[in-house]
1. Considering each residue of the stretch 1-45, count those that are modelled with pLDDT of 90 or more, in a loop (DSSP other than H, G, I, E, B) and aromatic (Phe, Trp, Tyr), and give that number.
2. Out of (1) within 16 Å of the ligand (Cβ to nearest atom); (2) at pLDDT 80 or above, the odd one out for residue 60 is which?
3. Testing residue 78 on (1) modelled with pLDDT of 80 or more; (2) under 17 Å from residue 7 (Cβ atoms), one condition comes back false. Which one is that?
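The values are calculated or read from the model by the stated rules, or taken from the named source; none is laboratory data. All values reported here derive from a predicted model rather than from experimental measurement. Positions of Cβ are backbone-derived with ideal geometry, glycine not excepted, and every protein chain shown enters the neighbour counts.
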Amino acid sequence: MGLLKFERRDIILIVGIFLVVLGITQYIPFQYSVLIGIFFYFVVKIYVEKRRQSIANAVGDGICMECGSRIIDKKCPKCDYFQE
Ligand SMILES: [Zn+2]
């Protein structure tokens with residue numbers, strides 16, 4: 001499980017959720033919008049992890065774990081993900 005593993009792109013996720021929390025704070029109390037933000041964070045993390053696992057199970061190592069593209073010359077043409 002990589003749910004608790006902090007990745008660099010989590011910063012983008014956290015910033016995005018923070019902006020959403022700020023937005024909905026106009027309509028509901030701050031402590032509730034923070035709880036909603038935390039909830040969204042884990043939903044997205046679980047979704048990303050499940051998607052990654054399903055890609056890995058389906059195609060082995062012939063496909064990029066990040067975006068699902070086919071690996072060419074041991075790297076992804078879209079995000080240059082290097083296979084070990
Ligand atoms: Zn990729």
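1. Of the residues in the stretch 1-45, 1 are modelled with pLDDT of 90 or more, in a loop (DSSP other than H, G, I, E, B) and aromatic (Phe, Trp, Tyr).
2. Here residue 60 clears every test but (2).
3. Result: residue 78 passes all but (2).
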